[in-house]
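Just below is one structure, and these are the notes that go with it.
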Amino acid sequence: MSGQPPPQQHFYELYRRSSIGSALTDALDLYITEDRIDPQIAIKMLQHFDRIVSEVLNERVKARMSFKGHLDTYRFCDEVWTFIIKDINFKLDNNNMLHSDRIKIVAMNSKKPGET
């Protein structure tokens, strides 16, 4: 054993834009403004949030769905795919159907380059 801590794994900040991520960010901003926590603690909490959401979705969500729609726009930049799909129909595991006029899908590799 080398006595060195394992390298810190970095997680995408994608889920911070979700409703719960926005609520957490707003609460942390308020606490910082009121001098109730240090900004460094808020950053650590957001990093923890990024890790936990990613792990929970990966380990506990087992539902599947299929979808069909019209691809409007796609882009590949910085190892991230972005798709805009219009007039999309979803078929869920339980055979329920959902429809949306427009959705945005962001897809990225779960591992950063160089990770094993």
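The values are calculated or read from the model by the stated rules, or taken from the named source; none is laboratory data. Quantities reported herein were computed from a predicted structural model and do not represent experimental measurements. With ideal geometry, Cβ positions are generated from the backbone for all residues, glycine too; neighbour counts draw on all protein chains shown.
Looking at 42, 27 in this structure, which one is in contact with a helix residue (DSSP H, G or I) (Cβ under 6 Å, 6 or more places away or on another chain), part of a helix (DSSP H, G or I), modelled with pLDDT of 95 or more and not basic (Lys, Arg)?
42
Answer with yes or no whether residue 32 is surrounded by 13 or more Cβ atoms within 10 Å (Cβ to Cβ) and touching a Pro at 6+ places or on another chain (Cβ under 6 Å).
yes
Can you name the number of the only condition in (1) in contact with a strand residue (DSSP E or B) (Cβ under 8 Å, 6 or more places away or on another chain); (2) farther than 25 Å from residue 109 by Cβ that residue 14 fails?
(2)
When the residues of the range 54-76 are filtered to those that are part of a helix (DSSP H, G or I) and not acidic (Asp, Glu), which remaining residue is farthest from the chain's Cα centre (by Cα)?
60
Which residue is nearest to residue 106 (Cα to Cα), if the candidates are limited to the range 17-53 and must be within 10 Å of the chain's Cα centre (by Cα) and of a type in the set (Gly, Ala, Ser)?
For the range 17-53, the residue satisfying everything is 18.
Report yes if residue 94 is outside any strand (DSSP E or B), loosely packed, with under 13 Cβ neighbours inside 10 Å and over 20 Å from the mean Cα position of the chain (by Cα), otherwise no.
yes
Based on this model, can you work out whether residue 35 counts as at pLDDT 95 or above, on the phi > 0 side of the Ramachandran plot, out of contact with any helix residue (DSSP H, G or I) (no Cβ under 9 Å at 6 or more places or on another chain) and of a type outside the set (Ser, Thr, Tyr)?
When the stated conditions are applied, residue 35 passes them.
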